[in-house]
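Notes follow once the structure below has been shown.
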Amino acid sequence: MTPAPLVALVGNPNSGKSALFNALTGARQKVGNYPGVTVERHAGRMALDDGRPVELLDLPGAYSLEPSSPDERVTRDVITGAQAGERLPDAIIVVVDAANLDNHLRFALQLIALGLPVVVALNMIDLATRDGLTLDPEALARELGVPVVPTVAVRRRGIDDLKQALAGVIGHGTAVRLAAGDGSVTDDIVALQRRARAIALAGTISETPVRRWTHAIDAIALHPVAGLILLTAILFLMFQAVFTWAVVPADAIDAGFADLGNAVRATMPDGVLRSLIADGVIAGVGAVVVFLPQILILFFFILLLEASGYMVRAAFLMDRIMAAVGLSGRAFIPLLSSFACAVPGIMATRSIEDEKDRLTTILIAPLMTCSARLPVYTLIIGTFIPNNPVFGFVRLQGLVMFSLYMMGIVGAFFAALVLRRTVTKGASSGFMMEMPKYQWPRARDVLIGLYQRAWIFLRRAGTIILFSTIILWALLSFPKPPAGSDISEVNYSVAGRIANTITPAFEPIGFNRDITLALIPAMAAREVAVAAIGTVYAIDDPDAPAGQESMIENLRKRWTLPTALAFLMWFVFAPQCISTIAITRRETNGWKWPAFMVGYLFVLAYIASGATYWIASAIGL
Amino acid sequence: MDMSTSVMISVTLEKLPRRQPATVAGIDWAQLAVPEARRLRELGFDEGVAIEVLHRATLGSGPIACRIGRMTVALRRAVAGAIHVSTP
Ligand SMILES: Nc1nc2c(ncn2[C@@H]2O[C@H](COP(=O)(O)OP(=O)(O)OP(=O)(O)O)[C@@H](O)[C@H]2O)c(=O)[nH]1
Ligand SMILES: [Mg+2]
């Protein structure tokens, strides 16, 4: 049996390839309104109208066949058959932005010249209309010598026509090859660009000037003063929302887990199994799942920023500041994504052209406050910081949260500054980026994004967090102290003994035994720290009712304010995340850089926590 | 740099007033790094193309956002300084 034909979606960045891929295959690839969303190949299956299966590839966007960043290299390799373990595609769908034919047709011409069967998807026809353009697909098809199908990927318009056109060219490669390979296409970009402009002109029936509201918005969003105020306001609103909007759903989840824990304690006979379920699974995992609403609110904001087209504006505004530390505004996009999670953030650095720039961005990405820190921050802030109003609607808790975020950002800039002058020294890189038009975020995309994140979070809670919590529970529960011993159960256990051994190393920075107990399993994932605290106090204080309330009481009883602040600072800097270390290894091809990253971040964490503890103690907090 | 043929060249994109329509008169490729020059070509910068400065970070030396053809492109001032434009 011959394998299904392989078809690749290729085109300029942000032309709608992933949106088309989703429309054609029913997949849910990430779509976003900025160049560089897709950074690796994704395969999917679709069927043509006659039932023939087709294997479809979604590829990173590129401007030409000469790659300037790692993601563009993937595209070049796949469509020229140079990718190891991948066959040459049987056809390509060239996706062009109908509102920007002048530019996108140039790459289309290069792709057509490759000689593979081609269908051009004239995507974003709706935006072209919004811009007052009327296009003539037939004229374009005549000029290009390949079928041209108008589509609106996000509304699934033109999808059937596209499939039909595809069915027409697959297996009829030679005819297309003759039409396109007439020698008039050269590799000279300027010449191709001129030809593209001529074709675009021939394919445009009329153009009515319209008022472009993208420009109107940009008048504020890109304004040197107003723009920066807007950016700060957006970020501040985001953190404030994370802290205030989640209260009601989080309380409901907490109540649910508390009821569950109490029910288990009431119905099961006292014993190891009851302790495992009530103290380990429910107290530990429940302590983390409570933060689902917060994490979703954070992702909601980031998804809106990504879908609206604001990301590139933020990059534009930040370029000046980024340049001062040796980076470019482009690096701000992966860093902003790292507010959600450093793993996709580090992946997104593949669209950064300069190798040293990219490496620096990878090394500082873990300093961006990711969503896994939220449970830790929220628990500690909620326990130790009073929620007094400071001014207007701003409250102290939100302000402390915001400063922790700022601390991460400042730390990252400082780290970049030092790294760029030492280990990642190199010529300063440039900043050149296409700015997409603003788009209204689509409810469907945002909901799918939220659903996927919720699922990932719950899966983490059910696997890595559950697993670490159970191990910690076991290490905390055995061996049991002999009857009549005045050593507490925790201190007598394996984990307690380990913690008591290493705690002296952390005492100078104000950490107590409970914190070292939480930090070790939290190497797996930051949220585990919260789960671990939940488990430690559930075992230590078995008579307390289940739920967050008794955890907070225990914290207040056993931690001082300087200790709590030092603990927060630790989490600003410490590289407590296996996945981040693993992705860094993958993206830098070796252990050298992840080892370096872990080392410098631990040193920073230790110094920052120590300084915080001593200053806080000295001023009598 | 071949600019002997044109007498209109007097201003670079860096100095072009905001919202003043202009066309690209010539690009001083020698002033640009190789990857920068290539990306500039790929984004459609070429003699005769209509260009306009949309936004400019007036504080310090931030980047410039310009309209080129149907695109909005952000670039740094050093690059803009290599792009010569003529105004009608
Ligand atoms: N109005 C409109 N928007 C579209 C259309 N197709 C895609 N979009 C939007 O355009 C943006 C880019 O879409 P993507 O599918 O992520 O583009 P891409 O080509 O995969 O981009 P990269 O992966 O960055 O190369 C998203 O905001 C989409 O919602 C369309 O036909 N009409
Ligand atoms: Mg994509």
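The values are calculated or read from the model by the stated rules, or taken from the named source; none is laboratory data. Keep in mind that what you see is a predicted model, and the values were worked out from it rather than measured. Positions of Cβ are backbone-derived with ideal geometry, glycine not excepted, and every protein chain shown enters the neighbour counts. These area figures cover heavy atoms from the full protein model, side chains too; ligands, DNA and RNA do not enter into them. Shrake-Rupley method; radii C 1.70, N 1.55, O 1.52, S 1.80 Å.
Report note on the peptides A:294-300, A:121-127, A:580-586: ranked by the mean count of other C-beta atoms within 10 Å, highest first, their order is A:121-127, A:294-300, A:580-586. Dividing the convex hull volume of the alpha carbon atoms of the protein assembly as shown by its residue count gives 181 Å³ per residue. The residues of the stretch A:6-210 expose on average 37 square angstrom of accessible surface per residue, using a 1.4 Å probe on protein heavy atoms. Angle of helix A:355-364 to the longest C-alpha principal axis of chain A, folded into 0 to 90 degrees and rounded to 10: 30°.
Quickly work out the residue A:45-to-residue A:406 label distance, labels modelled 7 Å from Cα along the C-beta direction, and quote it in nm with one decimal. Modelled inter-label distance: 5.4 nm. Basic side chains Lys and Arg get +1 at the Cβ, acidic Asp and Glu get -1 at the Cβ, and with that the dipole of the protein assembly as shown about its Cα centre reaches some 660 debye. Express in Å², to the nearest 10, the accessible area of residue A:213 obtained by rolling a 1.4 Å probe over the protein heavy atoms while all chains stay in place. Roughly 110 Å² of residue A:213 is accessible to a 1.4 Å probe. If you take all other residues with their beta carbon under 13 Å from the beta carbon of residue A:166, and give Lys and Arg +1 and Asp and Glu -1, the sum is -4. Once both labels are positioned 7 Å from their Cα atoms along Cα-to-Cβ, the gap between residue A:498 and residue A:458 label points is 3.1 nm. For the protein assembly as shown, the share of DSSP beta bridges that are antiparallel, to the nearest 5, is 65%.
Placing a label point 7 Å from the Cα of residue A:86 along the Cα-to-Cβ direction, none of the residues of the stretch A:108-125 has a backbone N under 12 Å of that point. Averaged over its residues, the stretch A:452-618 has an accessible area of 42 Å² per residue, based on protein heavy atoms and a 1.4 Å probe. Once neighbouring chains are kept in place and the probe is 1.4 Å, which whole percent of the accessible area of chain A is contributed by carbon and sulfur? Whole-percent figure for carbon plus sulfur exposure: 64.
With respect to chain A, whose longest principal axis is taken over its alpha-carbon atoms, helix A:310-324 is tilted by about 70°. Let me know the shape class of the stretch B:9-87, please: from the alpha-carbon gyration tensor, a ≥ b ≥ c as square roots of the eigenvalues, rounded when a/c is under 1.5, otherwise prolate if a/b is greater than b/c, or oblate. Rounded.
Relative to the longest principal axis of the Cα atoms of chain A, the long axis of helix A:247-267 lies at roughly 50 degrees. For a Förster distance of 22 Å, can you work out the FRET efficiency between the beta-carbons of residue A:543 and residue A:387, rounded to the nearest 0.05? Taking R0 as 22 Å, the efficiency between residue A:543 and residue A:387 is 0.15.
Spin-label pair residue A:237-residue A:27: with each label point 7 Å from Cα along the Cα-Cβ axis, the two points sit 3.4 nm from one another. Among the trypsin sites (Lys or Arg not before Pro) found in the stretch A:58-100, those both in a DSSP coil and sparsely packed, with 13 or fewer other Cβ atoms within 10 Å of their Cβ, are A:87.
A full extension of the chain between residue A:130 and residue A:471 corresponds to an added length of 116.9 nm, given 0.36 nm per residue minus the alpha carbon distance. Once the Cβ-Cβ distance of residue B:18 and residue A:206 is raised to the sixth power relative to R0 = 45 Å, the FRET efficiency obtained is 0.95. Pairs with C-alpha atoms separated by more than 25 Å, drawn from the list A:17/A:163; A:17/A:356; A:163/A:437, are A:17/A:356; A:163/A:437.
Only Cα pairs under 8 Å and at least 6 apart count here; give the relative contact order of chain A as a rounded whole percent. Reported relative contact order: 12 percent. When the Kirkwood radius is taken over all Cα pairs of the stretch A:427-558, what Stokes-Einstein diffusion coefficient follows at 25 °C and 0.890 mPa s, in µm²/s? This corresponds to a translational diffusion coefficient of 137 µm²/s.
Among the residues of B:32-42, the average count of other protein chain beta-carbon atoms within 10 Å of the residue beta-carbon is 5. For the chain pair B and A, the buried solvent-accessible surface (1.4 Å probe, both sides summed) amounts to about 3100 Å².
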